Amino acid sequence: MNSESAAERIDTTKPHPARRYDYWLGGKDNFPADRESADAVAEAFPTVRLAAVENRNFLRRVTRYLAAEAGIRQFLDIGAGLPTAGNVHEIAQGIAPESRIVYVDNDPIVLVHARTLLNSAPEGRTAYLDADLNDPERILNHPDLLATLDMKEPVALMLVAVMHFFTDDRQPYDLVRALCDALPPGSHLVMSHATNDHLDPEDLAATTEANKRSGVPFQLRSSAEFTKFFSGYELVPPGITAVMEWRPDEYRAQPRAEAVSMLGGVAQIS
Ligand SMILES: C[S@@+](CC[C@H](N)C(=O)[O-])C[C@H]1O[C@@H](n2cnc3c(N)ncnc32)[C@H](O)[C@@H]1O
């Protein structure tokens, strides 16, 4: 891992999803181009910060479920994002210290901050791959992945808030299928995704235009389109839901589904 060249690769003139998400979550690793892009989205969808927070809460609850209830000890988190409170290894190893986690992201700024993700419990192991989801073969055959995960044991593939950056022309369903096909029996697929389920045509047009203006390719999907990613797999109850309704921790006032507009689901692959 060469973090000096990663630092050189960081382009602060263009908005990047990882830094924009960091801004919505209240982080400091973002630049004016990211904030401008984030604000363009927020103009059409003012509750986008709430969506980011609820998405992150979903990721934490799912990781806890997988480690504590499903017995999963290996995680492949693609589109991991900048480290923030409650990264996958912290939660999983808090329950099962022997857990092994491979983080993947294609943004050089995430690589620069990856040290935090490599802070594994001594009983387990973590690795970070500077790699692109467009090339599943490279991820699956990467020596650092193969040194970290036992590909004969179940793996949780986490694609949390990442597939909406894949417009239909980039074969998102084929990419997810290629990754799942490579995983052993007992593996799980975890996904969350921005949805247009609650938008009337006028809001949909405004949001689509704002996403175009924001400079980051983005595609909202309906629950039917999202559910297609899981086709042939066994959904874990309660199935596909709004992210905050997926096994909520305890009773608390829930935001309205349209204010979050993020769907989540977990399935056992085979
Ligand atoms: C919105 S963030 C989500 C972070 C984390 N998964 C979460 O839900 O809290 C999306 C992440 O996906 C990464 N990403 C987008 N396209 C990618 C690609 N083609 N390959 C790898 N990572 C990608 C971005 O760099 C960013 O860090």
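Max-minus-min Cα coordinates of region 144-270 on each principal axis give 49, 39, 26 Å, with the largest extent listed first. Expressed per residue, the C-alpha convex hull volume of region 30-171 stands at 124 Å³.
Measuring between their Cα centroids, region 73-133 and region 212-270 lie 22 Å from each other. Largest mean-square fluctuation among Met244, Met151, Met163, in a Gaussian network model of the chain whose springs join Cα atoms under 10 Å apart, belongs to Met151. Volume per residue for the chain equals 121 cubic angstrom (convex hull of Cα atoms). Dipole of the chain computed with +1 at Lys/Arg Cβ and -1 at Asp/Glu Cβ about the Cα centre; of Leu175, Tyr65, Phe230, farthest Cα towards the positive end is Tyr65.
Between Ala68 and Ala253, the distance separating the two model label sites (each 7 Å from Cα on the Cα→Cβ line) works out to 2.6 nm. Taking the Cα centre of the chain as reference, the dipole from Cβ charges on Lys and Arg (+1) and Asp and Glu (-1) amounts to some 440 debye. On the beta carbon distance between Ala206 and Lys14, with R0 = 30 Å, the FRET formula returns roughly 0.85. Applying a DSSP loop filter and a limit of 13 other Cβ atoms within 10 Å to the trypsin sites (Lys or Arg not before Pro) in region 1-85 leaves Lys28.
Here region 200-214 is scanned for amide nitrogen atoms under 16 Å from the site 7 Å beyond the Cα of Glu36 along Cα-to-Cβ, giving 210-214. Exposed loop sites, defined as GluC sites (Glu not before Pro) outside DSSP H, G, I, E and B with at most 15 other Cβ atoms within 10 Å, are absent from the longest region of the chain, namely 124-249.
We did not get these values from a lab; they are worked out from the coordinates using the rules stated. Just so it is clear, the model here is predicted, and its values are computed rather than measured. Positions of Cβ are generated from backbone atoms using ideal geometry, with glycine treated the same way; all protein chains shown enter the neighbour counts.
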